[in-house]
Amino acid sequence: VAGIENLPCELQRNFQLMRELDQRTEDKKVEIDGLAAEYIESVKNMLPEERVEHLKKIQSAYSKCKEYSDDKVQLAMQTYEMVDKHIRRLDADLARFEADLKDKLEGSDLESPGSRSLK
């Protein structure tokens with residue numbers, strides 16, 4: 001199990017991958033806009049087969065765009081889970097530390113000279 005010291009590197013890597021997926025999505029949207037404009041401009045002069053082919057290109061680009069978006073959502077969920085797991089581990093460690101500290105304080109009260117006279 002990775003320690004908390006690895007968390008910043010893992011987060012940085014995941015956020016970098018998300019940025020790359022964002023960039024790919026934006027590039028694909030520009031491509032889709034270009035294909036759509038080209039289709040609208042020349043649709044009247046296209047043969048039916050050419051229209052179908054062009055529309056398939058647009059559909060394929062949209063599918064790729066959705067794939068990038070789905071990958072980004074999946075990565076974001078993994079990143080959230082990773083951070084949540086580390087937070088839960090830190091909470092458990094803190095609770096253990098507080099319990100140990102409480103035990104030590106109670107143990108030292110029992111051993112102090114003033115506490116004997118109270119008993």
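The values are calculated or read from the model by the stated rules, or taken from the named source; none is laboratory data. The model shown is predicted, which means the values in this text are computed figures rather than measured ones. A quick note on method: Cβ atoms are made from the backbone with ideal geometry, for glycine too, and the neighbour counts reach across all protein chains shown. The accessibility values were calculated without ligands, DNA or RNA, using every heavy atom of the protein model including side chains. Shrake-Rupley method; radii C 1.70, N 1.55, O 1.52, S 1.80 Å.
log₁₀ I(q)/I(0) of the range 1-73 at q = 0.13, 0.19, 0.23 Å⁻¹, via Debye over equal Cα point scatterers, no solvent, to two decimals?
-0.53, -0.79, -0.95
Just to confirm, what accessible area per residue do you get for the chain at 1.4 Å probe, in whole Å²?
I get 79 Å² per residue for this part.
Given an 8 Å cut-off on Cα distances and at least 6 residues of separation, report the relative contact order of the chain as a percent.
Normalised by residue count, the contact order of the chain is 33 percent.
Please give the calculated 222 nm ellipticity per residue for the chain, where each DSSP H segment of at least 4 residues contributes -39500 (n - 2.57) and the sum is spread over every residue; nearest 500 deg cm²/dmol?
Dividing the helical sum by the residues of the chain leaves -32500 deg cm²/dmol.
Using a 10 angstrom cutoff on alpha carbons, build the Gaussian network for the chain and name the most mobile of Glu67, Glu98, Glu20.
Glu98
Return the lysines within reach of Lys56: Cα separation strictly under 26 angstrom, same-chain partners fewer than 8 residues apart disregarded; answer none if there are no such residues.
Lys28, Lys29, Lys44, Lys64, Lys66, Lys72
Using the Cα centre of the chain as the reference point, and only Cβ charges (+1 on K/R, -1 on D/E), how large is the resulting charge dipole? Debye, rounded to the nearest 20.
Here the chain has a charge dipole of around 180 debye.
Counting only protein heavy atoms and using a 1.4 Å probe, what share of the accessible area of the chain belongs to carbon plus sulfur, as a whole percent?
Here carbon and sulfur together make up 57 percent of the probe-accessible area.
Compute the helix-to-body angle for 48-111: its Cα long axis versus the longest principal axis of the chain, expressed 0 to 90° and rounded to tens.
The helix 48-111 is inclined about 0 degrees to the chain.
Which aspartates and glutamates, on any chain, are close to Lys102 with Cα under 17 Å apart, when same-chain ones fewer than 8 places away are left out?
Asp91, Asp93, Glu111
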